[in-house]
Amino acid sequence: MRWNETCVLVDKSYEPDSEGVLQPTDTRKQVFCNPRAVGAHTWSSMYEIGISCDAQIQVRTCDYDEQLDVFYRGKWFSVEVVQERGDFSTLTLRHQKSDTDDMEGDG
């Protein structure tokens, strides 16, 4: 494995503002990752149970802390499935359809 790509893991939390209204805040962490091929068997298995599978990446388990959003290759993704195997976790991702796919946009 090369670990020559990066992704941004995004954790959302909500803090009350001065008026008591909850406002979202993002905590972003850039980590190294490995792209994984989404094979026909994986794609069809996920489709059968209603999970969209647009990409898979492998990250180090110590880097992943149950974040639900990922910015990867210029697009926002939602984490659909996490497969943890020792030191490595494979994240199955679904592309979030949005007008803007940039780091400034909300996931």
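The values are calculated or read from the model by the stated rules, or taken from the named source; none is laboratory data. Owing to the predicted nature of the structure, the values given are computational and were not obtained by experimental measurement. When we count neighbours, we look across all protein chains shown, and the Cβ atoms used for this are built from the backbone with ideal geometry, even at glycine.
Whether any residue in segment 33-48 is buried (at least 18 other Cβ atoms within 10 Å of the Cβ), touching a strand residue (DSSP E or B) at 6+ places or on another chain (Cβ under 9 Å) and at pLDDT 95 or above is what I want to check. Yes.
Picking from Ser18, Ser89, Ser45, which residue would you name as being assigned to a loop (DSSP other than H, G, I, E, B), among the hydroxyl-bearing types (Ser, Thr, Tyr) and without any contact (Cβ under 8 Å) to a residue 40 or more places away in the chain? Full working, then the answer.
On the way: Ser89 fails: assigned to a loop (DSSP other than H, G, I, E, B); Ser45 fails: assigned to a loop (DSSP other than H, G, I, E, B).
Of Ser18, Ser89, Ser45, the one residue that is assigned to a loop (DSSP other than H, G, I, E, B), among the hydroxyl-bearing types (Ser, Thr, Tyr) and without any contact (Cβ under 8 Å) to a residue 40 or more places away in the chain is Ser18.
Of all residues in segment 14-28, those satisfying the criterion of being in contact with a strand residue (DSSP E or B) (Cβ under 8 Å, 6 or more places away or on another chain) and over 19 Å from Gln96 (Cα atoms) are Tyr14, Glu15, Pro16, Asp17, Leu22, Gln23.
Would you point out which residue out of Ser78, Ser13, Ser52 is surrounded by 13 or more Cβ atoms within 10 Å (Cβ to Cβ), among the hydroxyl-bearing types (Ser, Thr, Tyr) and assigned to a strand (DSSP E or B)?
Details: Ser13 fails: surrounded by 13 or more Cβ atoms within 10 Å (Cβ to Cβ); Ser52 fails: assigned to a strand (DSSP E or B).
Of Ser78, Ser13, Ser52, the one residue that is surrounded by 13 or more Cβ atoms within 10 Å (Cβ to Cβ), among the hydroxyl-bearing types (Ser, Thr, Tyr) and assigned to a strand (DSSP E or B) is Ser78.
Within segment 62-75, residues that are surrounded by 13 or more Cβ atoms within 10 Å (Cβ to Cβ) reach partners that are of a type in the set (Phe, Trp, Tyr) and assigned to a strand (DSSP E or B) with beta carbons closer than 9 Å, at six or more positions or on different chains, in the pairs Asp63/Phe32; Asp69/Trp76; Asp69/Phe77; Val70/Trp76; Val70/Phe77; Phe71/Phe77. Just so you know, in segment 89-107 the residues that are more than 15 Å from Lys12 (Cβ to Cβ) and in contact with a Ser or Thr (Cβ under 6 Å, 6 or more places away or on another chain) include one that is modelled with the lowest pLDDT, and it is Arg94. Within segment 16-32, the residues that satisfy the criterion of being among the charged types (D, E, K, R) and surrounded by 10 or more Cβ atoms within 10 Å (Cβ to Cβ) are Asp26, Arg28, Lys29.
Val38 falls short on exactly one of the conditions (1) closer than 19 Å to Val82 by Cβ; (2) part of a strand (DSSP E or B), and that condition is (2).
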